[in-house]
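Have a look at the structure below, then the notes.
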């Protein structure tokens with residue numbers, strides 16, 4: 001993979017099909033392309049929020 005390419009992530013069908021339909025806090029996204037973009041951003045944010053052990057990954 002070169003520096004300009006992004007990794008291929010399969011479409012999250014289970015998350016897309018299990019969206020809450022009439023929930024006041026979650027917006028229903030019916031466009032699969034838009035859903036995949038939002039899903040990837042949320043996945044990246046959750047990965048960045050994880051705490052790594054301080055001593056194990058510094059070197």
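The values are calculated or read from the model by the stated rules, or taken from the named source; none is laboratory data. All figures in this text were calculated on a predicted structure; none of them were measured in a lab. Note that each Cβ is placed from the backbone with ideal geometry, even for glycine, and that neighbours are counted across all protein chains shown.
Of all residues in segment 23-41, those that are surrounded by 12 or more Cβ atoms within 10 Å (Cβ to Cβ), more than 15 Å from residue 7 (Cβ to Cβ) and out of contact with any helix residue (DSSP H, G or I) (no Cβ under 7 Å at 6 or more places or on another chain) total 1. Any residue at all in segment 3-12 that is at pLDDT 90 or above, surrounded by 10 or more Cβ atoms within 10 Å (Cβ to Cβ) and in contact with a helix residue (DSSP H, G or I) (Cβ under 7 Å, 6 or more places away or on another chain)? So far as segment 3-12 goes, yes, one or more of its residues are at pLDDT 90 or above, surrounded by 10 or more Cβ atoms within 10 Å (Cβ to Cβ) and in contact with a helix residue (DSSP H, G or I) (Cβ under 7 Å, 6 or more places away or on another chain).
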